[in-house]
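Chemist: For reference, the structure I am asking about is given below.
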Amino acid sequence: MARGIYGAPVGDTLPPVAKLTIRIDLSSHGAIGPGKIRLLELVGESGSISAAGRAMNMSYRRAWMLIDGLNRCFRVPVVETQSGGTRGGGAVLTELGHDVIAHYRAIERAAAKAAATELTALDAQSSPRAAAGGARRLVASAPRRRSSLMPRRARG
């Protein structure tokens with residue numbers, strides 16, 4: 001199955017309009033969002049925290065810290081690891097890990113479906129310049145004036 005941004009199945013997505021991003025703040029003082037969910041999906045696919053981190057252009061340490069944080073958010077781990085040996089270590093999603101991904105993706109689909117009309121309305125009102133990447137050209141001939149409220153830099 002083809003996947004779009006954050007690993008969402010392309011067949012289940014709506015036409016390209018303003019995008020709704022879901023972050024769930026857990027009562028245990030943790031949070032899950034599209035990045036952590038994608039990391040979990042990649043760990044499940046690759047069997048490796050290191051490979052999952054590389055696929056998301058992040059260091060092994062960053063990926064491991066995110067997984068460790070997720071494991072601490074729940075009563076049981078979402079990812080179990082085994083130490084390296086002659087064939088190296090590995091990581092596997094637990095049943096809860098699979099459930100967390102499934103619940104998050106279900107919430108994401110339901111929210112996108114419920115907000116489709118409003119997202120389309122917002123997108124219709126957005127600037128065409130923003131749709132083209134939002135990049136603004138800098139004009140070299142007109143120097144920016146310092147706001148009178150901005151303090152001057154101290155000179156030593």
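We did not get these values from a lab; they are worked out from the coordinates using the rules stated. Keep in mind that what you see is a predicted model, and the values were worked out from it rather than measured. Every residue, glycine as well, gets a Cβ built from its backbone with ideal geometry; the counts of neighbours run over all protein chains shown.
Chemist: What full-extension length gain, to one decimal in nm, is calculated for GLN82 and THR94 as 0.36 nm per residue of separation minus the Cα-Cα distance?
Modeler: Values: separation 12, 0.36 × 12 = 4.32 nm, distance 1.28 nm.
Length difference between fully extended and current span is 3.0 nm.
Chemist: List ASP68, ASP25 from most exposed to least, where exposure is judged by having the fewest other Cβ atoms within 10 Å.
Modeler: Details: ASP68 14, ASP25 10.
Arranged by neighbour count, lowest to highest, ASP68, ASP25 become ASP25, ASP68.
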